[in-house]
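Structure record follows, encoded as structure tokens.
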Amino acid sequence: YLKISKLALAFAIIHSKPPGKSCKEYTEHLAKTVCEQDFGWKSKVEALEAEVLRLRQELLLNKICPRFCLENGKPNASAETLQDQECLNPMSYSSQLEDSGCDVSNDCAFDSLGIASDFHQSEHNVDTSKCWLERVLPLNLCCKSKEESLTAPLQFLQHLLEIRKLSEGGILQADFTELENDSFTICNSVSRLLDGLSIFYNSPKLPVSNFLTEAVCVLISLITDSKLSNHVLKKCFKKLEEFKKNLIQIILRNSSVNRFQALHAVSHTLVLLGRNNILRNSLISLLLSEVRQFAEQLLQAHQIQAMYDITQYENIFPLCMILEQLLQNETEDSSVSSSYYDGEEKIKFLENFDQIILHLSDEFPLFSLYLWRVSVLLNSAQIQ
């Protein structure tokens, strides 16, 4: 039946083709026309799905706490709210040159670990989450850019966290059992937020907006919250793992000349995610795996005097810096010292470590130094 259908379609194209066009040209024209029609329908479907999700979000919030939408909704707010947040939560990338990515100002200088001072301020951003919990993004915020993919889910999750905070303080009465009946809405919102962040980081606009950091902080607060995290982790854990893997690959694959500001922004997000107790170990495993695999490939290329990817060699250092930062937090923070990283990737990393260091230390001293520092942190955590 399929062969007959293809033959009938071929005859129809041949008989209906206009003069002056070959069958191939006419077929390509028809295929392009059909694809454009499909794209139009897909756009309409996506818009309708987004509208349905928005209505479900409003309905769920109203079920959890009917008074909240009436008392806290701000339909007449303007986009100035977001600009105010940028002022209250500064992460100064504007001082860096957009055309270079290599210039680093004094207030964003790298410390001895190669981690920007912004990374050390990230804990402060998470700890002072009351600022964004007490402010709600305007419901009519119109973005003509990629921020549209983040705005809607971010608003909903911020509303949800604010209700949670106000209910804990006894200011509002909220019924979070409604989440059991509609877990789809919160999970879909988290998925859309992760997809939106991935779109940003794949082609970031420099200087990077604080909007991204706020979105990541909202995500971390959602995962940390005792009442809300279960609903997210049950159905979104794989999505979170894919998101972390995607960020790591964005760092490794980026071959742009002016990529350093973009890599810095992705690294900052990974550090924030890694400081969450739930996500820490899996992220350390992913980072150890990538660094170990690259070290083995570099050793193999060095032994046979083969060419290696210099771009990937340069990009592996941000991963080493993130890994060192997370492991150092593990050993220095007494609250997590009992849960130091002891996964399977640690064993694999240390298994051939001496041989790798021995052969690479002369030709690649900086990379060998980073490998050694990571190994010291892994072993020191075990000793503690």
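In the stretch 188-203, the qualifying residues are those that are among the small types (Gly, Ala, Ser) and open to solvent by less than 10 Å² (accessible area, probe 1.4 Å), and the one that is nearest to the chain's Cα centre (by Cα) is Gly196. Out of Gln249, Gln312, one residue alone is outside the structural domain of Glu180 (by the TED database), modelled with pLDDT of 90 or more and either surrounded by fewer than 20 Cβ atoms within 10 Å (Cβ to Cβ) or not in a helix (DSSP H, G or I) (or both). It is Gln312.
When you go through Leu273, Leu206, Leu222, Leu288 one by one, which is the residue that is over 15 Å from the mean Cα position of the chain (by Cα) and buried (at least 22 other Cβ atoms within 10 Å of the Cβ)?
Criteria check complete, one pass: Leu288.
Quick grid of which residues meet (1) of a type in the set (A, V, I, L, M, F, W, C); (2) within 25 Å of Leu286 (Cα to Cα); (3) in contact with a Pro (Cβ under 8 Å, 6 or more places away or on another chain); (4) open to solvent by 30 Å² or more (accessible area, probe 1.4 Å):
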{"position": "Ser183", "(1), (2), (3), (4)": "no, no, no, no"}
{"position": "Ile186", "(1), (2), (3), (4)": "yes, no, no, no"}
{"position": "Ala215", "(1), (2), (3), (4)": "yes, yes, no, no"}
{"position": "Asn230", "(1), (2), (3), (4)": "no, yes, no, yes"}
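Looking at the stretch 253-270, is at least one residue in the same structural domain as Leu194 (by the TED database), assigned to a helix (DSSP H, G or I) and surrounded by fewer than 14 Cβ atoms within 10 Å (Cβ to Cβ)? So far as the stretch 253-270 goes, yes, one or more of its residues are in the same structural domain as Leu194 (by the TED database), assigned to a helix (DSSP H, G or I) and surrounded by fewer than 14 Cβ atoms within 10 Å (Cβ to Cβ). Within this structure, Ile220 fails the test of being touching a residue at least 40 places away in the same chain (Cβ under 8 Å), under 29 Å from Tyr313 (Cβ atoms) and either in contact with a strand residue (DSSP E or B) (Cβ under 8 Å, 6 or more places away or on another chain) or assigned by the TED database to the domain that holds Val190 (or both). The residue of the stretch 276-285 that is most open to solvent (accessible area, probe 1.4 Å), among those that are closer than 19 Å to Leu222 by Cβ and aliphatic (A, V, I, L, M), is Ile278. In the stretch 292-309, what residues are crowded, with 20+ Cβ neighbours inside 10 Å and closer than 13 Å to Phe349 by Cβ? Within the stretch 292-309, Arg292, Phe294, Ala295 meet the criteria.
Do we have Ile171 as closer than 24 Å to Lys239 by Cα and of a type in the set (Val, Ile, Thr) here? Criteria not met by Ile171.
The values are calculated or read from the model by the stated rules, or taken from the named source; none is laboratory data. Remember, it's a predicted structure, so these values are computed and weren't measured experimentally. A quick note on method: Cβ atoms are made from the backbone with ideal geometry, for glycine too, and the neighbour counts reach across all protein chains shown. Each accessible area value is taken on the protein alone, full model and side chains, heavy atoms only, with ligands, DNA and RNA left out. Shrake-Rupley method; radii C 1.70, N 1.55, O 1.52, S 1.80 Å.
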